[in-house]
């Protein structure tokens, strides 16, 4: 099926998310949409899928102009979508998920589950998916869930498949398998739109590449284009993310973690026997694909996990078994990986957010009363110092942009008397200007002699900040290596493989 | 690796347990043996503290049976102790299974419940007579509004709409049934009116909760107050002055089903009831089947679990929710007819007396499943009837504690002490389309 | 994955996935009620009163008679409607604020003191519900908390012999403690097991009811010897809340306690660290937890305070408004009214004070309306609940009055 998008424009209030975007996708080709987060790729696909209505422009399939009023229409027209957040119902079986909205029924609307199972098995065998139609979706690994999404689309005879950031949650192997599936689908004559911001993947499978920036098409590129070319098209200027930092002035061992084990509610060890040390004035960066124990590690450091064994010793004090409050009071600063969930109270003002983890004692508390004067003075100062772009300190945190929200979190943590900084995904969803600012602050913290643990799934960030790199895979340390380790080696380690000649660097 | 499916987080009005605060621990396996052990000890304790001598008569026959079953007369003390031993054995079996890490089968709690109840009754009714037919048949009758209400609750919540307004639906149903049956002279018309009234309350619930995203619990609570106010107002201003013409409906009479009604024991309990009960059987069966086995049911459940996923496959989420809660409201409203057409003839102020909240309890205790919720409602009906029976024969257990039982059991259930309840994931979460 | 993965840009992302915008996840009840504009609020009240007026007119004899010949003489009909409605509302005014039919000033103003008397427990209850709202907890257990507290205070009130300076405060405190226990139980269960407080508090209402019922059957608890009615003996004089304005008025010290409670609640929420933590937990429990705040303990504490406030409302009834003895209807519907008060007052202490006064006036006036115009006081319930419903859905009110919709933020 041949898809033509002509002059699609979509506005949200005063923001133009898609500005007159035109695009053609041929059958039997993989067409990549490349762009930064927030560039407008997902909006465009939601327009195509009937979830949003375009303000201007038209969608044409095989020469016919379409008027979608909802996803049902788009599906009926042969468009299938594999969503970034899977649109699957966890407590339904695979067959139920696949048939939902497209049910085969018998007498009085009774479901023909048999037929659905057969259909799943059929498609599953054709593409070598190995999916059991009777399994509950919530029991399946992420990679298999994604295949269920694909089966869902194929069972509706989709001719055009849209993959929206499909690799964000996959392990490297699963990513490779997905690439293979996409090639297979292409061979079968399907048209494929592949949305991503990861250059490696684009170059691996794309037949054509369209780059989108700030809601506009900025150009097409060949899969043979270099990384640097693609990156500068995507960001709009030559990109150089080097953080300037001096050689570390290492102090004594400050944080000593031994045989740390974190078990989740289901009884699985998410962190499995970690041991590492960070010295004063050093940044240890944790690399790894999302979901390999990083979240649990940082939460265990903060006392936010329940089932923790082993030991975490900070400057001679054991932290395992202490409450979050005690750990914070012991001087641990925490930039959580999801500021919206763990970092900020969106309904509080900037000032109120700045005292969030100091609600028990001075300087903002006296005899159970808030010291609002002191808080306001402090907040006004930090607003300036950390370049938070807001009207005033009474602005609600929920109304700030991502970058400014993160600056509020950073300001709050760095203005305490720290003995350790734990920064998880410190620049996720943050604009380039704020990234530079936050990176500088983290380096400054390290230079003042404080040990820093940075967790990031962006290899760039890890390499830019780290004095040493610790690679995690399935909750275990693959290796602790110098910051100048080649990226190829790090990438390999992130899949759990440890090069034979690799030597760990001690601190 | 765990699921990353985009599950809506139910912390804005839904009734799910708050896992953000209290990560629920795995204590499942130990619960049943502990519960059984405690109950057994309790029974033994009662027997030890005040031993009753004499015989207990269990009467199995109803007055006009085709085949008359004989009475069973047992010595009350020894029988009770035998039952304690049975309970002990069952507890031991449960403990054995726990230690062997084997699944606990459903028959253990059921047999235990029967044995425990038999022991308890033979003690409580020493030198007395337990009429099983009226004990159980009465339980069914008392459970009518609870089952209707619980079914309405289950349906609504399965579609993602929390329905605290069951009480209001029952009450308005009772009100409409009384007026309509009085003016038309037909209790059947009353039933229809009750269903319409229930659906009307649901419509208002939908208007605020679905269309205007108002917190569903708030709407439900306020609707209950509104219905109380309205019906009280109308009762005083309109019904009371015109009681003859507006509030003297013909009562629904018991209608024995031929053949089925003549089966010993079961017949008189289940098949010599009012037509409303037979409607109930049909509704339970249809809802239970339809929810799991039809396209309609699949879509309802999808909308309640993950509305966005349903939307992306072309299901109109809010339309589905509206339809479902209207149906649910109609079912709950039917239950209201019990009060003014079956229990007594005529409407009275606040005559539902909190039955809607017991129905809500049954929804949760029944884990959002139509059959389980029905059983839970029957259990609560039984507890209520048992209280009546016991106070008639002069039981030493204060009746207030018997009446408290459904509520206590529900608290234990939501606290995870009696089975783990898992509500539909999007229960109580309004769906906003972009 | 050796290639560069580019950092993410950030303008306020236009294609915000609802999942990513979890911050926007509606702490819905507060936000919706707090963000409604003032105009829609006023219109909501007017709309509810309008519906009430229609009900008054509909059941009025004169109106129905004249409606029979509406086309022949419409003026009769409208006169009748006017008379019915104005009669009802002037009766309410006479019952709630100022009775112009009487001559002696003290008598004329007596209705206002009745309003204050009714407002007292509504304010206390509203504070109890509203405070829990601020922690994002829905306390529907007001009835149970009032009953248990009333029972406990009543027991102290007639079983114990003490001088007034000790007896009255003791009875009040015991009642508050019982309410705190009953409310705290729901908070504790939520903190420990995650059990949803809506369900638990509803169920505790009934458990409390039957507990009080049982207590009323035991002489060593609350039963009146020799009586079969579930009612306790009257309170001893030393445990009764004294009148504020002398014996000619029914206004007792409970209203003063309510005013004090408003002040304390205001301080608690806006100036104290505990209140700060309560609000933090209510707005985002995850962030609160990550900031070292014990969310479970906060829930428990909030529910204890809420329970003690509702308990005080129950005490107010038993030791003040109806000191003739504890009975099962001592809550007089206040446990549920409190929810509407809290909602109308937007969970802010001063708002609750105003809402409590309004609904107190409705109550006082409603009784006068019932006796003088024969219009059931239940009309007040209808109007009250309609106000809250309309208030919660400003878009609906705007649609009804055909006002332009507010641009969604």
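Values quoted throughout were computed directly from the atomic coordinates according to the rules given, and no laboratory measurement underlies them. This is a predicted model, so every value here is computed, not measured. Cβ sites come from the backbone with ideal geometry, for glycine too, and all protein chains shown count toward neighbours.
For region B:118-171, the ratio of Cα radius of gyration to the globular rule of thumb 2.2 N^0.38 Å stands at 1.71. Working from the Cα coordinates of region A:319-366, the gyration tensor eigenvalues give, after taking √(5λ), semi-axes of 19, 16, 7 Å in decreasing order. If you wrap the tightest convex hull around every Cα atom of region C:169-269 and split its volume per residue, you get 159 Å³. Each of C:243, A:246, B:215, A:157 has some number of other Cβ atoms within 10 Å of its Cβ, and from fewest to most they run A:246, A:157, C:243, B:215. Think of it as helices only: each DSSP H run of n ≥ 4 in chain A is worth -39500 (n - 2.57), and spread over all residues that comes to -9000 deg cm²/dmol at 222 nm.
Once you divide the Cα radius of gyration of chain C by 2.2 N^0.38 Å, the number left is 1.13. Working value for region A:313-400: equivalent-ellipsoid semi-axes of 25, 17, 12 Å, each the square root of 5 times a Cα gyration tensor eigenvalue, largest first. Computed on the Cα atoms alone, the convex hull of region A:184-297 gives a volume of 197 cubic angstrom per residue.
When the expected Rg is taken as 2.2 N^0.38 Å, what fraction or multiple of it is the alpha-carbon Rg of region C:307-409?
After normalising by residue count via 2.2 N^0.38 Å, the value is 1.31.
Per residue, the average separation of C-alpha pairs within less than 8 Å and at least 6 apart gives chain A a relative contact order of 14 percent. Estimated from helical segments only, the mean residue ellipticity of chain C at 222 nm is -22000 deg cm²/dmol, where each DSSP H run of four or more residues counts as -39500 (n - 2.57).
By the beta-carbon count within 10 Å of each Cβ, the least crowded to most crowded order of B:404, A:1, A:99, fewest first, is A:1, B:404, A:99. Take each residue in A:91-101, count the other chain C-beta atoms within 10 Å of its C-beta, and the mean is 5.
Per the Debye calculation on region A:280-427 with a single equal scatterer at every Cα and no solvent contribution, log₁₀ I(q)/I(0) for q = 0.09, 0.16 Å⁻¹ amounts to -0.30, -0.92. Each Cα pair of the protein assembly as shown feeds into the Kirkwood radius, which the Stokes-Einstein equation turns, at 4 °C and 1.567 mPa s, into a diffusion coefficient of 38 µm²/s. Counting Cβ atoms of other protein chains within 10 Å of each residue's Cβ and taking the mean over peptide C:330-340 gives 2.
Do the sum for chain B: with -39,500 (n - 2.57) for every DSSP H run of n ≥ 4, divided by all residues, what is the mean residue ellipticity at 222 nm, to the nearest 500 deg cm²/dmol?
-20500 deg cm²/dmol
Taking only the Cα atoms of chain A, the radius of gyration and Dmax are 25.0, 77 Å. The Rg/Rh ratio of region B:28-127, with both radii computed over alpha carbons and Rh defined as the Kirkwood radius, is 1.08. To the nearest ten degrees, helix A:113-126 and the longest principal axis of the Cα atoms of chain A are 80 degrees apart.
Over region C:114-209, the pair-distance histogram of Cα-Cα distances with 10 Å bins from zero comes to 16, 41, 30, 11, 1 percent, rounded to whole numbers. Along its principal axes, region B:236-315 has C-alpha extents of 55, 48, 14 angstrom, given from the largest down. From the Kirkwood radius over Cα pairs of region A:3-235, Stokes-Einstein at 37 °C and 0.692 mPa s returns a whole-number translational diffusion coefficient of 180 µm²/s. Using bins of 10 Å that start at zero, the share of Cα-Cα pairs per bin across region C:121-361 amounts to 9, 34, 34, 18, 5, 0, in whole %. With the Kirkwood sum run over all distinct C-alpha pairs, chain B has a hydrodynamic radius of 23.1 Å.
Take every pair of alpha-carbon atoms less than 8 Å apart whose residues are at least six positions apart; their mean separation over the length of region B:28-127 yields a relative contact order of 39 percent.
Taking the DSSP beta bridges with both ends in the protein assembly as shown, the antiparallel portion is around 60 percent.
Averaging 1/r over every pair of different alpha carbons in region B:133-378 and inverting the result gives a Kirkwood radius of 17.9 Å. Rounded to the nearest 10 degrees, the inclination of helix A:172-187 to the longest alpha-carbon principal axis of chain A is 20 degrees. Helix A:402-414 and the longest principal axis of the C-alpha atoms of chain A enclose an angle of approximately 20°. Plainly put, region B:315-375 has a radius of gyration that is 1.06 times its Kirkwood radius, both from alpha-carbon atoms, as the Rg/Rh ratio. Listing A:430, A:308 from fewest to most neighbouring C-beta atoms within 10 Å gives A:308, A:430. Taking one quarter of the surface of the C-alpha convex hull of region C:227-351 gives a mean projected area of 10.0 nm².
A convex hull fitted to the Cα coordinates of region A:358-507 yields 143 cubic angstrom per residue.
In square nanometres and to one decimal, what's the mean projected area of the convex hull around the Cα atoms of region A:42-117? The partial results should precede the final answer.
Working: hull surface 26.8 nm².
Convex hull of Cα atoms, orientation-averaged projection: 6.7 nm².
Computed on chain C, with alpha-carbon pairs under 8 angstrom and 6+ residues apart, the relative contact order is 29 percent.
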